Amino acid sequence: MVERFLGDEAATMRLGEDLAMALRPGDVLALHGDLGAGKSTLARALIRALADDGALDVPSPTFTLVQSYDTRVPVHHFDLYRLSSADELEELGFPDVLKDGAALIEWPERAGRLPDTTITVELVHQDEGRSVRILGEGAGYERVVRSLAMRDFLDNSGWGAARRRHFIGDASARSYEIVSLADQAPRVLMNSPRLVLGPPVRDGRPYAEIAHTAQTVAAFVGVDRLLREADIAAPEIHAQDLDKGFLLIEHLGTEGLLASDGAPIVERYALVSELLAFMHGKRWPDRVAVAQDIFHVVPPFDRDAMLIEAELLIDWYLPAIRGHAASDEERNAFRTAWNAVLDRISGAEPTLMLRDVQSPNFIWRGDRTGFDRLGIVDFQDALIGPSAYDVASLALDPRVTIEPAFERAVVDAYVAARSSAGGFDRSDFEEAYAIMGAQRHSKILGIFVRLDRRDGKPHYLKHLPRIRDYLRRLLVHPALAEVRVLYDRLGVLEEPA
């Protein structure tokens, strides 16, 4: 149970925002309280936050009984004061609305039995304000508790009165909000809970440990510090809570590497290539302080990490396209082929490898000059690994259709920048580029299927044809001949009928 005192109307409205940031389809919020206790104020603030419209008309559903809003999370506002029996609730569309939306219910005591995961919000007059108790169980309640902890973090950072609005989420459990305060530039509130490691998958270790996936927000803080010390435009961190996984960071902007129609802009991609060339010409430490007596160690992109990532293809993608799991013989052949290929780059140039060098992770700041035009985000999974990996990640952006001529222009910009400094072997780079690109896109085929099958995020499947096309390009390199033969035999690159 969580208890709060809401001293005025503004505090009640902020609570509405906090609840809105936690809301997901299937959630039920039951609002209890006497007439005038603040239920309507709370509901109105919640709905306006979901709509990102502070002036949205939110009438009381006293007479209509239910009012629906097509917001970021569709929300259905019920007022059951005039309900004559609990049976009428089903006639109003409950619980069908929970399939793709959330329900906000005033006078829920007239509803009969609500789902066990219902989040109860009790409002009571107290002095000049009101007190609130929030009770519940399950994932929805835990989200609410975390959202309230985020408000406490803002309060401790001097931003307790800030307006909160959803910004973006990603394929992980991380999420981001834009927080706004009068007379201040907006900032980004980063919510990065500790990674849930999952079951052991090999040698008693979970996948994330083998793949060196960042487990806490300290990784972001550490890599951010490395980048900023190198005068690279990573966001300034204004406040941090490493234990809870909250950061208040600089808002770098919203414009990216793509045109308004979604097409990649070659000049912007080329500048990212030149930035990578600059980074790859530096020597990077693999240990950095993130707080007093707390350090982040940048892990190596070692053989185990490379293999277990590539094996996502055989674990997730192959069963999805064939309807059955790979045999032990196929698994052994997969590991043998990839081990032989990875042997070829065992001495590849090591550097700070950002790992997710792709269009969503770069902010274009056209009013700046030089590399300062590029803001970088989402780098917490950085490793020490082959420099060619990040170039292949950029030039074959998994979320954008990159034509061969565009790919070549991006690679040529990188090669030109590296060659000007001397000591750069293009042939070795081209081989490492093909191998790392094939490893990365094998992984992505598996990840995008896993996001659909395990995590309920089917929209990633639309990228699969593009990833297959990229792999076809990469596998023409002679160094990948054995992998190409194996993929042909397994049907990896065939388009579904």
Study note, to complete from the structure: P(r) of the range 301-384 over all Cα-Cα pairs, 10 Å bins starting at 0, rounded to whole percent, reads 14, 31, 27, 19, 8, 1
Check your understanding: Of all the accessible heavy-atom surface of the range 193-275, with the other protein chains kept in place and a 1.4 Å probe, what percent is carbon and sulfur?
Key -> 46 percent
**Study point:** Label-point separation in nm, SER131 to LYS462, each point 7 Å along Cα→Cβ
**Key:** 5.0 nm
**Study point:** 0 to 90° range, to nearest 10: angle between helix 464-474 axis and the chain longest Cα axis
**Key:** 20 degrees
**Study point:** Ellipticity estimate at 222 nm from DSSP helix runs (n ≥ 4, -39,500 (n - 2.57)) divided over the chain, nearest 500
**Key:** -11500 deg cm²/dmol
Review point. If you look for lysine pairs in the chain that are eight or more places apart or on different chains, how many of them have Cα atoms under 27 Å apart?
Key: 6
Review point. Can you give the accessible area of TRP159 in Å² (nearest 10), computed on protein heavy atoms with a 1.4 Å probe?
Key: 10 Å²
Point to revise | Rounded to 5, the percent of DSSP beta bridges in the range 29-138 classed as antiparallel | key: 50 percent
**Study point:** Helix 481-490 vs. the chain, principal-axis angle (Cα, 0 to 90°, nearest 10)
**Key:** 50 degrees
Revision key, fill the gap. Rounded to whole angstrom, the alpha-carbon centroid of the range 311-327 lies from that of the range 420-497 at a distance of 15 Å
Review point. For the range 430-490, with the dipole built from +1 on Lys and Arg beta-carbon atoms and -1 on Asp and Glu ones, taken about the Cα centre, which of GLN439, TYR487, LEU464 lies farthest toward the positive end?
Key: LEU464
Practice item. State log₁₀ I(q)/I(0) for the chain at q = 0.09 Å⁻¹ as given by the Debye formula over alpha-carbon point scatterers of equal weight, solvent excluded. Key: -0.72
Check your understanding: Taking the Cβ of ARG72 as the center, what net charge do the other residues with Cβ under 10 Å away carry, scoring Lys and Arg +1 and Asp and Glu -1?
Key -> -1
Point to revise | Over 19 Å [Cα-Cα, the range 65-127], rounded percent | key: 32 percent
Exercise for review: Enter the accessible area per residue of the chain (Å², integer; probe 1.4 Å; all protein chains in place).
Suggested key: 44 Å²
Practice item. Restricting to the chain, compute how many DSSP beta bridges are antiparallel as a %, nearest 5. Key: 75 percent
**Study point:** Of all accessible heavy-atom area on the range 1-51, the percent that carbon and sulfur account for (1.4 Å)
**Key:** 48 percent
Revision key, fill the gap. In degrees, nearest 10, the alpha-carbon axis of helix 139-156 is tilted away from the dominant principal axis of the alpha carbons of the chain by 90 degrees
Check your understanding: Given +1 on the Cβ of Lys and Arg, -1 on the Cβ of Asp and Glu, and no further charges, what dipole in debye does the chain carry about its Cα centre, rounded to the nearest 20?
Key -> 720 debye
Review point. For the range 349-497, what is the charge dipole size about the Cα centre, in debye to the nearest 20, if Lys and Arg each add +1 at the Cβ and Asp and Glu each add -1 at the Cβ?
Key: 460 debye
Check your understanding: So what's the gap between the Cα centers of the range 1-77 and the range 101-152, to the nearest angstrom?
Key -> 10 Å
Practice item. May I ask you to evaluate 6.51 cos²θ - 1.76 cosθ + 1.60, the Karplus curve with θ = phi - 60°, for each residue of the range 439-454 and list the ³J(HN,Hα) values in order in whole Hz, giving x for glycine and proline? Key: 4, 4, 7, 5, 4, 5, 4, x, 5, 5, 5, 4, 4, 6, 6, 8
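The values are calculated or read from the model by the stated rules, or taken from the named source; none is laboratory data. All values reported here derive from a predicted model rather than from experimental measurement. Glycine also receives a Cβ, built like all others from the backbone with ideal geometry; neighbour counts cover every protein chain displayed. SASA here: full protein model, heavy atoms, side chains in, ligands and nucleic acids out. Shrake-Rupley method; radii C 1.70, N 1.55, O 1.52, S 1.80 Å.
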